[in-house]
1. Note down the nm distance, to one decimal, between modelled labels 7 Å out along Cα→Cβ at Glu311 and at Ser183.
2. Which whole-number percent is the relative contact order of the chain (Cα, under 8 Å, 6+ apart)?
3. Highest mean first, how do 82-89, 255-262, 297-304 rank when packing is the count of other Cβ atoms within 10 Å averaged over residues?
4. If you count only protein heavy atoms with a 1.4 Å probe, what accessible area per residue comes out for the range 170-323, rounded to a whole Å²?
5. Within 10 Å, count the other beta carbons around each residue, average over each peptide in 95-106, 66-77, and list them highest first.
6. Can you order the peptides 172-181, 194-203 by their average number of other Cβ atoms within 10 Å per residue, highest first?
Amino acid sequence: MASPSSSCKQEHAFLSSLLLFLPLLLLISSSVADLSFNFYGSSCPGAEFIVRNTVRSASSSDPSVLGKLLRLIFHDCFVQGCDASVLVRGNGTERTDPGNASLGGFDVIESAKNVLEIFCPGIVSCADVLALAARDAVEALGGPVVAIPTGRRDGTVSAAENVRPNIIDTDFTVDKMINIFSSKGLSVQDLVVLSGAHTVGAAHCNTFNSRFKDASLDNSYAQTLLNKCSSSMDPTTTVVNNDPETSSTFDNQYYKNLLAHKGLFQTDSALMEDDRTRKIVEILANDGESFLERWTESFMKMSVIGVRVGEEGEIRRSCSSVN
């Protein structure tokens, strides 16, 4: 008998994750009940295809955009919920905070939105485009196909002052990280699993230059980082892969790196220094399938933090500005 095609396997994975999260949706928050799978099935049937196609097209010319899209949803959902407020341009918006200065992928979201506005004007929210694009970026990197509900509406407020109290800084302790995740309805396991996003993407040298002589870092890895960053005249533009082994593949290598003392950020190494998180790191390092399964659950939970639904918020015409 012939083996199932790739598309059949993807459909099976999608349906499996869909069945897994139908009951979970009702447990997260009452507002999430207003979201649904295939929300645009009637109003804009091609919505998810358009987003996926835009992501794939953009990544064919710039593979680094996939990691940027994944990072973008973290910086959106952790500040005021998943409402696309991070996409708004202008003085004093979230994008002006230094913590968001290195974000990218905005053009991909705007491109997808522009196409959607042609075929389905005023129907698909920027918040949904962002969530779907991040989901599709993980899939394009070889990660799992995650079924996520849609129906989010866009926020109308984007303020830089809301950023710093809600995002994880690179020198945070495990306690600080747990507190922030807990405030978003996410568990210690979610913290460790979602930290696995560092298996892809890159970071600027100035975000980890205090690590070169850190005793918790592997000596040879620290020297490699030092050589890479010291050879540049501008540490704010020179980038290093978060994962030195498989930087373009969404896998569990991040956790193996932690066991080998090759966590790029202090927040990465900190996961090995606390019993609550180290045990989970060890499990995920030794079981790639377990990581992908847990990622599916944790990513879905993150994608519905503080969503606006029903009559809340709006559907923006342009993702970079409120209506």
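1. 3.1
2. 26
3. For the peptides 82-89, 255-262, 297-304, the packing ranking is 82-89, 297-304, 255-262.
4. Accessible surface, normalised per residue, equals 45 Å².
5. Details: 95-106: 16.8, 66-77: 25.0.
Going from most to least packed, we get 66-77, 95-106.
6. By packing density, highest mean first, the sequence is 194-203, 172-181.
The values are calculated or read from the model by the stated rules, or taken from the named source; none is laboratory data. Note that this is a predicted model, so its numbers are computed, not measured. Using ideal geometry, Cβ is built from the backbone for each residue, glycine included, and neighbour counts are taken over all protein chains shown. Only protein heavy atoms, including side chains, enter the accessible area calculation; ligands, DNA and RNA are left aside. Shrake-Rupley method; radii C 1.70, N 1.55, O 1.52, S 1.80 Å.
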